[in-house]
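K.L.:
Take a look at the following structure, please.
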Amino acid sequence: MGNSQILPPVSIKTRILISFLVVVLTLSVSIALLGYYVVMHDIFGRAERKVLNDLKVARMVYSAEIERIGQGLRLISPEGDIEALRQRLDLHYLRYVAASQFAGLQSDLARIAVTDGRALGGTRRMSREELDSMPGDFAGKRSIPVKDTPMAGPTEREVLDNVMVKEYAVPVMNGRGQVDGVFYGGRVVNRDYTFVDRIRDLVYGRELYRGKPVGTVTIFQDDVRISTNVPDESGQRAIGTRVSSQVYEKVVKEGQVWHDRAFVVTDWYKTAYEPIKNIQGEVIGILYVGTLEQPFYDMARQVLVIFLLAVGVVTLIAVLFSFVLAGAISRPLTQVVHASECLASGDWGCQVTANTSIKDINSMAEAFNAMAIGLKERQESLRVSNEKLAAMNKSYVDLIGFVAHELKGILASAVMNAYAVRDGYLGMVNFKQRKALDSVTRNLDYLDATVKKFLNLGRVERGELDVHKTSLSLKKDVFDASIHSLAAISLRKKLNISNEIDPDLAVQADADLMQIVANNLVSNAIKYSPDAGRISVTARPVNGKVEVDVYNDSTPISEEQRARLFQKFSRLDSPETKKVKGTGLGLYITKQIIERHGGSIRVEPREHGNSFVFQIERN
């Protein structure tokens, strides 16, 4: 991946202009997309509704064709010339079967007409044998070669031999209400283009669009086109081509209407298909209508071009206004920016001219001028206050240093003499005297530790906490010495102190300052551990540093208490801390020393105590 580049800063005018342009372009694009959706949805929605209505018309014409056959059959008599009647009714076949020959009826419709004694019509398949027995020669008798068609399902059929017929059957009744015979006749749908052309002319006319028919109608037998005005690549009727597997699955297998855009032989059409069923309710074919999609696309494109041109003109006008408005707004804002830079450089007397045609900008300029005056007054007040605080802080630090140095010398002598008297170097002391002297020496030890902490605090406050790093053994040079110096105090409380640091583990640190850290942490552990408690010191390498853990048994410190544990002069408010004297400086000084070494310190409560954990640079 390449390096990320920070964009260069731009002027206020450019930023305002970009903001305006983003808003204008966002609105323009949104309106354009909305317009595109509305246009496409409206035009193609209308096309889809139209093709469904066209399918209803086609179904009505198809049903009317069958009914027309029935009306003709109701008017004829068995005594007439059957062949002449067939030609007069414009049928491909017409048969009269007497009652004695009912057993040989090949038409399902005729058998039902005889059984139920009622006339009925519909569509059925006719076998090749029955077709060959018909008189005369017409196009429907010729077999239809099945052609490979893109998107159609696989098939092993090469020729369609049987046919689909529109048929009507009328029973002939005698005076006793019995069926003496049955008339049935119809037209073969295969290669019969009169019907599909009549529907096309009725619904779409013979209009062409770029040489393509605007509307097409087809009748399928199963999935093969047997009557159609859909042209193939050569411009001939696409007889023998097959419907797509998607349509076949929905219409023939599931018996449902399917409507969507489809690629019909050579072009995309908005199409609708519905099943053609026989008298038993089995799907034996498909009725299709379709309207060419390209005219709707061209119409939508023209509407969109006009709409987008209008949006473009409005956008251009908005962009020009954006330039003018950005300039009007940016000029006074630029003055405010320059005045702000003057304030940032320390020129507190900088002012902005509040004389524009925009009321809000004038108010902003007046507010800025008032702010500049207020900042100037506050700056002067802060300068005086800071000088006073600096003088007070210097006096405070000097006082700490002076008092601590004076007390250090006095305490050294007092401590030495007190221990000499207590330990009998200046003569024997009785039990009561020794007990009193033990109390005196403990208080002197506490006072000595307090003076040392104040001396260290003075160094911290004056910034004199210089770090001189050397290689130190954590166990031998730091914590062994600290534990040894505090052994007497730990013995009085019968504490179990263990230093488990690896002797070979070394750090880069200031020896004197690290001794202060160790003394503070170990002495704190001793102070706050219960009698006969446990204290352990451990260390381990972590990511190039050493992590030291000083643990002691005690009450775990709460999260609220941990937040102020390392603050100056801060002591925890708990029963344990109230029993122990302290200044609240030890952990503060420890934290300062650790951070000067580039490390960090924290407290982690354990199940039965607390661990003070700090990290420092490894050797």
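The values are calculated or read from the model by the stated rules, or taken from the named source; none is laboratory data. For clarity, every value in this text was computed on a predicted model and none was experimentally measured. Positions of Cβ are generated from backbone atoms using ideal geometry, with glycine treated the same way; all protein chains shown enter the neighbour counts.
K.L.:
If you scan the range 280-304, which residues turn out to be farther than 27 Å from LEU202 by Cβ and not small (Gly, Ala, Ser)?
P.N.:
GLN280, GLU282, ARG301, GLN302, VAL303, LEU304
K.L.:
I would also like to ask the following. What number of residues in the range 294-320 are crowded, with 17+ Cβ neighbours inside 10 Å and either in a strand (DSSP E or B) or of a type in the set (S, T, N, Q) (or both)?
P.N.:
Selection size over the range 294-320: 1.
K.L.:
A further question follows. Inspect the range 77-90 for any residue being hydrophobic (A, V, I, L, M, F, W, C), touching an Asp or Glu at 6+ places or on another chain (Cβ under 8 Å) and in the same structural domain as LEU287 (by TED's automatic domain parsing) and give the result as yes or no.
P.N.:
no
K.L.:
Follow-up question, since we're still on this one. Mind checking which residues of the range 498-540 are assigned to a loop (DSSP other than H, G, I, E, B) and either buried (at least 20 other Cβ atoms within 10 Å of the Cβ) or in contact (Cβ under 8 Å) with a residue 40 or more places away in the chain (or both)?
P.N.:
ILE501, LEU505, ASP510, SER529, GLY533
K.L.:
Of the residues SER244, SER234, which is buried (at least 19 other Cβ atoms within 10 Å of the Cβ) and assigned by TED's automatic domain parsing to the domain that holds TYR62?
P.N.:
SER244
K.L.:
For THR291, work out the one condition from (1) within 30 Å of THR14 (Cβ to Cβ); (2) β-branched (Val, Ile, Thr); (3) in a strand (DSSP E or B) it doesn't fulfil.
P.N.:
(1)
K.L.:
Among the residues of the range 188-202, count how many are outside any loop (DSSP other than H, G, I, E, B) and either crowded, with 21+ Cβ neighbours inside 10 Å or outside the structural domain of ARG59 (by TED's automatic domain parsing) (or both).
P.N.:
Selection size over the range 188-202: 4.
K.L.:
Here is a further query. Here is a list: ILE497, ILE489. Which entry is more than 60 Å from the chain's Cα centre (by Cα), more than 17 Å from ILE589 (Cβ to Cβ), at pLDDT 70 or above and β-branched (Val, Ile, Thr)?
P.N.:
ILE489
K.L.:
Examine the range 558-567 for a residue that is at pLDDT 75 or above and either small (Gly, Ala, Ser) or part of a strand (DSSP E or B) (or both), and state whether such a residue exists.
P.N.:
yes
K.L.:
While we're here: If you take the residues of the range 1-18 that are at pLDDT below 75 and surrounded by 12 or more Cβ atoms within 10 Å (Cβ to Cβ), which of them is farthest from ALA318 (Cα to Cα)?
P.N.:
The residue in question is SER11.
K.L.:
Quick one: is LEU105 surrounded by 13 or more Cβ atoms within 10 Å (Cβ to Cβ), in the same structural domain as ALA238 (by TED's automatic domain parsing) and either closer than 26 Å to LEU75 by Cα or free of Cβ contacts under 8 Å to residues at least 12 places away in the same chain (or both)?
P.N.:
Answer is yes for this residue.
K.L.:
Count, please, the residues in the range 224-263 that happen to be of a type outside the set (Val, Ile, Thr) and in a helix (DSSP H, G or I).
P.N.:
Total satisfying the criteria: 6.
K.L.:
Any residue that is closer than 30 Å to ALA98 by Cα and of a type in the set (D, E, K, R) - is there at least one of those in the range 186-208?
P.N.:
yes
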